[in-house]
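Okay, so here's the structure we're looking at.
The values are calculated or read from the model by the stated rules, or taken from the named source; none is laboratory data. Bear in mind that the values here come from a model prediction, so they are computed numbers and not experimental data. When we count neighbours, we look across all protein chains shown, and the Cβ atoms used for this are built from the backbone with ideal geometry, even at glycine. For the accessible areas, the whole protein counts, side chains as well, though only heavy atoms, and no ligand, DNA or RNA atoms are used. Shrake-Rupley method; radii C 1.70, N 1.55, O 1.52, S 1.80 Å.
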Amino acid sequence: LVDDQRVVWSQGFGYADAERRIPATEQTIYGIGSVTKLFTATAVMQLAEQGRIDLDAPLTRYVPEFSMRARFADAAPITPRNLLTHHSGLPGDYLKGMWTLHPVPFEQVIPQLKQDYASYPPNLVYSYTSLGYSLLGRVIEKASEQDYVSYMNAAVLAPLGMTDSTFVIDPGREPQLAVGYRQGKPGAERYFLRDVPAGALFSSTADM
């Protein structure tokens, strides 16, 4: 519970690990899923303020390897602004290989998109897309000349003091990590999401 900038009360409920009956606390780390997109958007806007990303430039300025088939004549190019606001016309997700114990780097997926079709012309409708935010992660890499995780750690998480938050679960953090369940059974796949900029941040209630 937050009053203005001050945390006035926090408490964990239930278990971070039901089998071992480890209680959840405000420092327990959970996968925050698509809330990750807000952090990706923050990084894009930082780089836009620095003049390193033009929000209205064609996406291909930053990701020249990107292209998709289109059924729409005279459609405008997709821009970072379209991706940020879910008005790009891209499909929602590229599910093949999205959840796996050994995901490939997302940049290896981009050439495969050439065989697929955009769903809509840019700027036509709001259509939520994780694929678009994964592409924004690639824009961040190109504009910052750093890999996505390194940039996010240095430019977003560290300045905010988000010391519990991470994109990579190392053994030292595992005792703090809540167990993920699917249909009542623990699932190791919670550690491994290919589309990191769209949904792979882990964080605690205290950090959030």
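Before moving on, here are some points about what is shown:
- The accessible-area ordering, largest first, of the residues GLU141, GLU174 stands as GLU174, GLU141, per a 1.4 angstrom probe.
- Difference of contour (0.36 nm per residue) and Cα-Cα distance, ARG182 to GLU49: 43.8 nm
- Rough spin-label spacing in nm, given labels placed 7 Å along Cα→Cβ, for ASP56 and HIS102: 4.7 nm
- Cross-link partners of LYS185 among lysines, defined as those whose alpha carbon lies under 29 angstrom from its own and excluding same-chain residues fewer than eight positions apart: LYS37, LYS96.
- GNM remark for the chain: springs join alpha carbons under 10 Å apart, and the peak mean-square fluctuation among ARG71, ARG52, ARG81 falls on ARG71.
- The calculated P(r) of the stretch 91-178, using every Cα pair and 10 Å bins from 0, goes 13, 35, 36, 14, 2 in percent.
- Annotation: amide H of ALA16 within the under-5 Å range of ILE22, ALA24, sequence separation 5 or more or interchain, hydrogens built in the peptide plane.
- A simple spin-label model places pseudo-atoms 7 Å from Cα toward Cβ; at TYR15 and ARG71 they are separated by 4.9 nm.
- Here the calculated FRET efficiency for TYR128 and LEU1, from their Cβ-Cβ distance with R0 = 35 Å, stands at 0.75, rounded to the nearest 0.05.
- Under 13 Å from LYS114, Cα to Cα: aspartates and glutamates that are on another chain or at least 8 residues apart: GLU65
- Dimensionless Rg over Rh [the stretch 140-208; C-alpha; Kirkwood]: 1.00
- Here the Karplus curve 6.51 cos²θ - 1.76 cosθ + 1.60, taken at θ = phi - 60°, turns the phi angles of the stretch 199-208 into couplings of x, 10, 7, 10, 7, 10, 4, 4, 5, 5 Hz, with x standing for Gly and Pro.
- Estimated D of the stretch 1-102 in µm² per second, where Rh is the Kirkwood radius over Cα pairs and Stokes-Einstein applies at 20 °C, 1.002 mPa s: 119 µm²/s
- Distance between the stretch 145-208 and the stretch 109-141 - C-alpha centres, whole angstrom: 23 Å
- FRET efficiency for the pair GLN115 and ALA158, taken as 1/(1 + (r/R0)^6) with r the Cβ-Cβ distance and R0 = 22 Å, rounds to 0.05.
- Space enclosed by the convex hull of the alpha-carbon atoms of the stretch 60-115, per residue, Å³: 103 Å³
- A P(r) calculated from all alpha carbon pairs of the chain, with 10 Å bins opening at zero, reads 8, 31, 32, 20, 8, 1 percent.
- GNM top mover of PHE167, PHE39, PHE72 - the chain, alpha-carbon springs below 10 Å: PHE72
- Amide hydrogen proximity for LEU201: with H placed 1.01 Å from N in the peptide plane, the residues at 5 or more positions away or on another chain lying under 5 Å are ILE32, GLY33, THR36.
- Probe 1.4 Å - accessible area at MET45, Å² to nearest ten: 80 Å²
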